[in-house]
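The values are calculated or read from the model by the stated rules, or taken from the named source; none is laboratory data. Being a predicted model, the structure only gives us computed values, none of them experimental. Backbone-built Cβ (ideal geometry, glycine too); neighbour counts: all protein chains shown. Ligands, DNA and RNA are excluded from the accessible area calculation, which covers all protein heavy atoms including side chains. Shrake-Rupley method; radii C 1.70, N 1.55, O 1.52, S 1.80 Å.
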Amino acid sequence: MLLTDLLRPNLIAVNVHVRDWQEAVREAGRLLVEDGAVEPRFVDAMIEVVKEFGPYIVLAPGFAMPHAKAEAGCIKSSLSLITLAEPVEFGNPENDPVYVVAALAAVDHGSHIEALSQLADVLANDSVVDEWAKAKSTDEILKIVEFYS
Amino acid sequence: MIKIFTVCPQGLGSSLIAKINVQKALEKLGVEGEVETAGVTSITGQVFDLIVTIPEMSDSLERYKDKLVFVTNFFKRDEIADTLEKKFREMGLIE
């Protein structure tokens, strides 16, 4: 499974307006729900994870990857990605503020590893989060993925 | 052969990214090792040499504190490699 199998064009939105981190997670989650990739309760579960364990999901400066367990209502392994019109704080001292949120839904522990490995390759480049944040369309987001893959 | 677990609360998102980058770091440092992911509950009872995790997990993993290595940016391969290199030196795994 490749990164672009998870991150499908209908799961990307740019320049999304949100007021806080919860709304950012909900917006990224909404794309997964509309796609049929997760049940609506999966979105609540992603928010609960942050409340319970802290903002560790901000994995790199400006980049958050909310996720929840497969049992929380994941139907199809998927990744949605939104860029924020105004950055939000998750409460992570190292990596706030966040302007790119990618919500991960995985049906098991194995099948998405290749795709995540590719995401790790892409994000190993310091400028990627910035480039995504400046992208003006879904197409531009995917071109950046392709360029660094 | 060193056994490393990457641990996050759930063991499927951040720990997977960490695993990928820890594997790259091992290659770079020329250290032979096996890397697996675990959630904070599934680590119990496992046998390992090191845990790579996030600072937020330090309380839950307190009992392994001598074996913990922390990362704050999961995608910074150089930083992860530097941190591991330091730890490996402490452990006498590399010169």
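Quick look at the numbers
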{"item": "Residue among B:E95, B:E56 that alone is within 11 Å of chain A (Cβ to nearest Cβ), at pLDDT below 90, open to solvent by 60 Å² or more (accessible area, probe 1.4 Å) and not in a strand (DSSP E or B)", "result": "B:E56"}
{"item": "Matching residues, the stretch A:122-149, being within 25 Å of A:V50 (Cα to Cα), facing chain B (nearest Cβ under 9 Å) and not hydrophobic (A, V, I, L, M, F, W, C)", "result": "A:D126"}
{"item": "Pick from the stretch A:89-109, criterion farther than 18 Å from A:V43 by Cα and open to solvent by less than 40 Å² (accessible area, probe 1.4 Å), ranking: farthest from the other protein chains (Cβ to nearest Cβ)", "result": "A:V98"}
{"item": "Selection within the stretch A:5-23 - closer than 17 Å to A:A135 by Cα and open to solvent by less than 70 Å² (accessible area, probe 1.4 Å)", "result": "A:L7, A:R8, A:L11, A:I12, A:A13, A:V14, A:V16"}
{"item": "The one condition in (1) more than 14 Å from chain A (Cβ to nearest Cβ); (2) open to solvent by 10 Å² or more (accessible area, probe 1.4 Å); (3) in contact with a Gly (Cβ under 6 Å, 6 or more places away or on another chain) that B:L29 fails to fulfil", "result": "(3)"}
{"item": "Which numbered condition A:I47 misses (of (1) more than 14 Å from A:A105 (Cα to Cα); (2) more than 7 Å from chain B (Cβ to nearest Cβ); (3) open to solvent by less than 10 Å² (accessible area, probe 1.4 Å))", "result": "(1)"}
{"item": "Single residue of the stretch B:65-75 satisfying the filter (open to solvent by 40 Å² or more (accessible area, probe 1.4 Å) and out of contact with any Asp or Glu (no Cβ under 8 Å at 6 or more places or on another chain)) that is farthest from the other protein chains (Cβ to nearest Cβ)", "result": "B:D66"}
{"item": "Residue match in the stretch A:60-82 (condition: open to solvent by 40 Å² or more (accessible area, probe 1.4 Å), under 23 Å from A:D5 (Cα atoms) and within 9 Å of chain B (Cβ to nearest Cβ))", "result": "yes"}
{"item": "Cross-chain or 6+ apart pairs with Cβ under 7 Å, the stretch B:48-74 first and over 18 Å from A:V49 (Cβ atoms), then open to solvent by 40 Å² or more (accessible area, probe 1.4 Å) and of a type in the set (D, E)", "result": "B:K67/B:D49; B:T72/A:E94; B:N73/B:E79"}
{"item": "Residue count for the stretch B:76-86, restricted to those that are open to solvent by 30 Å² or more (accessible area, probe 1.4 Å) and in a helix (DSSP H, G or I)", "result": "7"}
